[in-house]
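Engineer: What follows is a single structure, and I will ask about it in a moment.
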Amino acid sequence: MNVAATTTRTWDKSAVDRLLWERYHAIHTLPRAQRRRAHMDHVLSCRERLLSLMPAEPDEGSGPAEDGPRVPSLPADSQLSLSERTRQLELLSYGTERWLALLQQVRNDHRQRVTRRAYRHDRCGDPPFRDADHGVIHILDVLDRPDDFADVEPFTASRNSRRTRSSTCLRHLEPRQLTAADLRSPSESALIGQWGVFARTHIPAGTCLGVYGGQLMDEVDIFLLDDDRYLMAAAEEPGTLAVNGENLMSLMNTLFTVDAEGRVTGHPETGYNVSGESFRVAMRHGWQARIHAFRAATDIPAGTELRWNYDLGERR
């Protein structure tokens, strides 16, 4: 059966499996450099095809889905019988389950490429940016507000040794695991034992604390990543370029508001002692990114934990 020519009424489970897996296996015959994007395009194309299995309500177009493509409605003279509608919904459920298996398989295939490196103290002096293809990625030029970048540059300069960079990063800061005494409220109990960043010495307001460093990821790497907790956008258009945080700055915590049941509802407007700013930079190997630096928003006494607003909006 030609999967491309399969109509809604002739879909069955074997056709769904061929749609998902024949192309997946064919992609492995491509040169390695082409497989990553081909896998992403295939997974997204299959999602579109499977959504077309969803039966429309009589005499109604289904309109744009909230988180997906427009689902085509059937013509008025081709309304489905109850049994056919039930069959399609069962097939859609099967297709969704198998599509999720395909997505997980593709992510497993590329897991080594996008796996985040956990922060290690002995790597504190490493250059802040890398990518999966070239390793360390240095900044070549600051494309906006270069004067404001002057006290950020010591954290990123390619000329600095690992020892110099480590000393710069740790001059004011100390990473350690949180205890109960560090919590701002009982709702933060989940933070006990997790990492945070603390002021090693008194930090005057306005002091540059470092940059958010880690692996640079394009839209395909972002798609392949199944844990986005440390992901920070590095471009104006969401989802096109990001940094998966791995350095000292990625350990900073935030503040959350919670409801009566203890569910996270957002961020408070105040209470942070660190603020962020961004700079557009040109980097080696053709990367152009908007990187994020952090400053003390207020005077920070020694021993105080650093907190900044993740600005995640309401509960996602």
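Engineer: Which whole-number percentage describes the relative contact order of region 229-272, with Cα contacts under 8 Å and a sequence gap of 6 or more?
Structural biologist: Normalised by residue count, the contact order of region 229-272 is 24 percent.
Engineer: For the chain, what is the calculated [θ] at 222 nm in deg cm²/dmol (nearest 500), taking -39500 (n - 2.57) for each run of four or more DSSP H residues and dividing by its residue count?
Structural biologist: -8500 deg cm²/dmol
Engineer: Residues of region 35-55 with the amide nitrogen closer than 16 Å to a label point 7 Å from the Cα of residue 18, along Cα-to-Cβ, please.
Structural biologist: Output list for this probe position: 50.
Engineer: Another question, then. Could you sort 133-145, 86-98 so that the peptide with the highest average Cβ count within 10 Å comes first and the rest follow in order?
Structural biologist: Descending packing order for the listed peptides: 86-98, 133-145.
Engineer: Using Cα centres only, tell me the gap between region 155-176 and region 120-143 in whole Å.
Structural biologist: 12
Engineer: A follow-up question, please. With θ taken as phi - 60° and the coefficients 6.51, -1.76 and 1.60, list the Karplus ³J(HN,Hα) couplings across region 226-238 in order, rounded to whole Hz; mark glycine and proline as x.
Structural biologist: These are the phi-based 3J(HN,Hα) values: 9, 9, 9, 5, 10, 7, 10, 4, 10, 8, 5, 8, x Hz.
Engineer: Here is a further query. Show the residues, 5+ positions off or on another chain, whose built amide H is closer than 5 Å to the amide H of residue 241.
Structural biologist: It is 234, 235, by chain and number.
Engineer: Along the positive direction of the dipole of region 90-159 (beta-carbon charges: Lys, Arg +1; Asp, Glu -1; about the Cα centre), which of 129, 118, 142 reaches farthest?
Structural biologist: Farthest along the dipole direction, towards plus: 118.
Engineer: Taking every Cα atom in region 83-191, find the radius of gyration and the maximum pairwise distance Dmax, and write them in Å.
Structural biologist: 23.4, 71
Engineer: Only Cα pairs under 8 Å and at least 6 apart count here; give the relative contact order of the chain as a rounded whole percent.
Structural biologist: The value is 16 percent.
Engineer: Beta carbons within 10 angstrom, averaged per residue: use that to sort the peptides 44-51, 205-212, highest first.
Structural biologist: Ranking, from highest mean packing down: 205-212, 44-51.
Engineer: Normalised by the residues of region 91-176, what does the relative contact order come to in percent, with Cα pairs under 8 Å and at least six apart?
Structural biologist: Over region 91-176, the number comes to 28 percent.
Engineer: With a Förster radius of 30 Å, plug the Cβ-Cβ distance of residue 310 and residue 101 into 1/(1 + (r/R0)^6) and report the FRET value to the nearest 0.05.
Structural biologist: Here the calculated transfer efficiency is 0.40.
Engineer: To two decimal places, what compactness ratio does the chain give when its Cα radius of gyration is scaled by 2.2 N^0.38 Å?
Structural biologist: The reported ratio for this selection is 1.25.
Engineer: Using amide H atoms built in the peptide plane, which far-off residues or other-chain residues are under 5 Å from residue 198 H to H?
Structural biologist: 174, 176, 306
None of the figures in this text is laboratory data; all of them are computed from the coordinates on show. For clarity, every value in this text was computed on a predicted model and none was experimentally measured. Cβ sites come from the backbone with ideal geometry, for glycine too, and all protein chains shown count toward neighbours.
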